[in-house]
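Working notes for the structure below.
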Amino acid sequence: MNTDMIRYYRERAPEYEAVYARPEDQPDLDRMAAIFQAIFLEKNVLEIACGTGYWTEYVAQTARTVCATDINQSVLDIAVAKSYPRGNVRFRVEDIFERHPGEHFDALLGGFIWSHILLERLDEFLDRALDRVVPGGLVVFADSQFLPNRSTPTSHTDTAGNNFQTRRLLDGSEHLVLKNFPSPEFLREKLPRAKVLELEHFWVALAVRPA
């Protein structure tokens, strides 16, 4: 079984957006798209772990610019091929834990990446994320709610409390995937004064980098 997350998402790239096709998710996804387009209006946005560009397309419709990054070139190849009529999107391969001194954005979006960060590295991850935006800039994360009758069961929990799911791709390969589900209280602990929106299937957390 593969335990390499980067490899998992590289190999999942062609089938990734099937996760957004569930009919029951559409009201939440529409609301999230509207939220993102409103809060990123005319902002220079850094999107981390952009994947295949599902959210990039929405954000680019209202943002001034979008710098969309991911560690996997395979997903960026799909994202680049999408339509961005305003010509305001650039893509690049980037590790979310890298530092980029001197480069700051008005806002940052991390869609469906929080759950894939080890708990012991979460503070480091958030430090890197906050460091990417200007003081007073907006930091936004979104991810899945844990739903007992829908979420893939946890197949393993490590000594640090990280949860892992066993997932199978269309080619039959099995992968052990890190998937943590933070509570609203935990999100507010890690992002002081954050506004947490709990939707039916997802959550959105909005925070401001201290001035």
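Could you run through the stretch 67-85 and say how many residues are polar (S, T, N, Q) and within 10 Å of residue 49 (Cα to Cα)?
As a first pass, look at the stretch 67-85 and keep what is polar (S, T, N, Q): 69, 72-74, 83.
Subset that is within 10 Å of residue 49 (Cα to Cα): 69, 72.
The total comes to 2.
Going through 208, 139 one at a time, which residue ends up being open to solvent by less than 30 Å² (accessible area, probe 1.4 Å), among the β-branched types (Val, Ile, Thr) and farther than 30 Å from residue 23 by Cβ?
Details: 208 fails: open to solvent by less than 30 Å² (accessible area, probe 1.4 Å).
Only one candidate passes the filter, namely 139.
Consider the stretch 135-151. How many of its residues are outside any loop (DSSP other than H, G, I, E, B) and at pLDDT below 95?
First, the residues of the stretch 135-151 that are outside any loop (DSSP other than H, G, I, E, B): 135-144.
Of the ones still in play, those that are also at pLDDT below 95 are none.
Counting residues in the stretch 135-151 that are outside any loop (DSSP other than H, G, I, E, B) and at pLDDT below 95 gives 0.
Taking the stretch 1-48, which residues are farther than 18 Å from residue 150 by Cα and among the charged types (D, E, K, R)? It would help to see each step written out before you state the result.
Let us first name the residues in the stretch 1-48 that are farther than 18 Å from residue 150 by Cα, namely 1-15, 30-48.
If the condition is that a residue be farther than 18 Å from residue 150 by Cα and among the charged types (D, E, K, R), then 4, 7, 10, 11, 12, 15, 30, 31, 42, 43, 47 are the ones that fit.
Filter the stretch 142-159 down to the residues that are out of contact with any Phe, Trp or Tyr (no Cβ under 7 Å at 6 or more places or on another chain) and open to solvent by less than 50 Å² (accessible area, probe 1.4 Å) and list them by number.
Listed by number, the residues that qualify are 147, 151, 158.
Among the listed residues 184, 192, which satisfies the condition of being open to solvent by 30 Å² or more (accessible area, probe 1.4 Å) and either β-branched (Val, Ile, Thr) or touching a strand residue (DSSP E or B) at 6+ places or on another chain (Cβ under 8 Å) (or both)?
Values: 184 fails: open to solvent by 30 Å² or more (accessible area, probe 1.4 Å).
Within the list 184, 192, the selection yields 192.
Would you be able to say whether some residue in the stretch 179-190 is without any contact (Cβ under 8 Å) to a residue 12 or more places away in the chain and more than 20 Å from the chain's Cα centre (by Cα)?
no
Which residue, of 106, 123, 171, is out of contact with any strand residue (DSSP E or B) (no Cβ under 7 Å at 6 or more places or on another chain) and over 22 Å from residue 10 (Cα atoms)?
Working: 106 fails: out of contact with any strand residue (DSSP E or B) (no Cβ under 7 Å at 6 or more places or on another chain); 171 fails: over 22 Å from residue 10 (Cα atoms).
Residue meeting the stated conditions: 123.
Right, residue 211: touching a residue at least 12 places away in the same chain (Cβ under 8 Å), touching a strand residue (DSSP E or B) at 6+ places or on another chain (Cβ under 9 Å), farther than 22 Å from residue 52 by Cα and not in a strand (DSSP E or B) or not? Spell out the reasoning first.
Working: touching a residue at least 12 places away in the same chain (Cβ under 8 Å): yes; touching a strand residue (DSSP E or B) at 6+ places or on another chain (Cβ under 9 Å): yes; farther than 22 Å from residue 52 by Cα: yes; not in a strand (DSSP E or B): yes.
Yes; evaluated as a whole, the condition is true for this residue.
Quick check, is residue 195 in contact (Cβ under 8 Å) with a residue 60 or more places away in the chain and not aromatic (Phe, Trp, Tyr)? If you could, list the steps in order and put the result at the bottom.
On the way: in contact (Cβ under 8 Å) with a residue 60 or more places away in the chain: no; not aromatic (Phe, Trp, Tyr): yes.
So residue 195 does not fit the description; no.
Find the strands (runs of 3 or more DSSP E) located wholly in the stretch 25-134 whose residues include 2 or more that are at negative phi and open to solvent by less than 50 Å² (accessible area, probe 1.4 Å), and list them.
Working: elements: 44-48, 65-70, 89-93, 105-111.
Filter on the stretch 25-134 gives 44-48, 65-70, 105-111.
For (1) out of contact with any Lys or Arg (no Cβ under 8 Å at 6 or more places or on another chain); (2) within 25 Å of residue 128 (Cβ to Cβ); (3) small (Gly, Ala, Ser), each residue gets a yes or a no:
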position: 33; (1), (2), (3): yes, no, yes
position: 44; (1), (2), (3): no, yes, no
position: 62; (1), (2), (3): yes, no, no
position: 82; (1), (2), (3): yes, no, no
position: 89; (1), (2), (3): yes, yes, no
position: 95; (1), (2), (3): yes, yes, no
position: 98; (1), (2), (3): no, yes, no
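Let me confirm something: among 52, 3, 62, which residue is touching a helix residue (DSSP H, G or I) at 6+ places or on another chain (Cβ under 6 Å) and more than 17 Å from residue 96 (Cβ to Cβ)? Explain how you work it out, then say what you get.
Numbers: 52 fails: more than 17 Å from residue 96 (Cβ to Cβ); 3 fails: touching a helix residue (DSSP H, G or I) at 6+ places or on another chain (Cβ under 6 Å).
Exactly one residue qualifies, and that residue is 62.
The values are calculated or read from the model by the stated rules, or taken from the named source; none is laboratory data. Keep in mind the model is a prediction, meaning the values are calculated, not measured. FYI the Cβ positions are ideal-geometry reconstructions off the backbone, even for glycines, and counts take in every protein chain you see. Quick note on the areas: whole protein, heavy atoms, side chains included, nothing else; ligands and nucleic acids left out. Shrake-Rupley method; radii C 1.70, N 1.55, O 1.52, S 1.80 Å.
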